[in-house]
Amino acid sequence: STELLNYSSSITITSLGIKIKSDSPKLNELLSVIGELDDKKIVIFTRFVEMAKIISNKLENSILVTGDTDKESVLKEFKENENVRFLVATDAYSYGVDLPFVTCVINMDVLWNPARMKQREDRAYRITSKSPVKIINLISEGLESYIFQVMKQKENLAEDILDFNISKELRNFV
């Protein structure tokens, strides 16, 4: 599902750079969405380390994973500890990790590359998965909405090209 909201007030430009406020409408929407979920294991992806830290600090029973984190120990803790419900991860954790016990993936931000978005989702989609996986994309109005539309167009174009090439190969074979 897709949630559209306006959270332009959540970013402040300071003399040192960009600072994310910890009370942004998008973060509040995430907390609201999580409150409605009954999933036992949820992964929340963001490409921003600071946002991942803010989210992790807001959630009880969460583990934070960035590129500096030992993946194996975190994965074991997340999988085996029944009290840990949330894994808050940057994109560094969206590669080479299998999470078939996860039942919900939440994307806090949208990427231009549909393959990278799919990579996030595919951490939970595995042959060994026992439950369906919910994918929730939190998308703000404006730029993120536009990026999401472009990403979907790229995804559809890639599928059309692959379908065309496959059917062309089948025609040559028959």
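The values are calculated or read from the model by the stated rules, or taken from the named source; none is laboratory data. It should be emphasised that the depicted structure is a prediction, and the values quoted were computed from it without experimental measurement. Methodologically, a virtual Cβ is constructed for each residue, glycine included, from the backbone with ideal geometry; neighbour enumeration extends over all protein chains shown. Quick note on the areas: whole protein, heavy atoms, side chains included, nothing else; ligands and nucleic acids left out. Shrake-Rupley method; radii C 1.70, N 1.55, O 1.52, S 1.80 Å.
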Review point. Using a Förster distance of 25 Å, how high is the FRET efficiency between residue 81 and residue 146, based on the Cβ-Cβ distance and rounded to 0.05?
Key: 0.05
Revision key, fill the gap. XL table 76/154; 79/154; 40/154; 134/154; Cα-Cα > 31 Å flagged, in table order, is 76/154; 79/154; 40/154
**Study point:** Contour excess over end-to-end distance, with Cα ends at residue 49 and residue 162 and 0.36 nm allotted per residue
**Key:** 37.2 nm
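Rounded to the nearest 0.05, what FRET efficiency do residue 154 and residue 126 give with R0 = 30 Å and r taken as the Cβ-Cβ distance? Could you check?
It comes to 0.75.
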Study note, to complete from the structure: Row for region 38-132, column shape: gyration tensor on C-alpha, a ≥ b ≥ c, rounded if a/c < 1.5 i.e. under 1.5, prolate if a/b over b/c, else oblate; value rounded
**Study point:** Heavy-atom accessible area order for 53, 41, largest first, 1.4 Å probe
**Key:** 53, 41
Review point. Under a point spin-label approximation (7 Å from Cα along Cα-to-Cβ), what is the residue 31-residue 73 distance to one decimal in nm?
Key: 3.0 nm
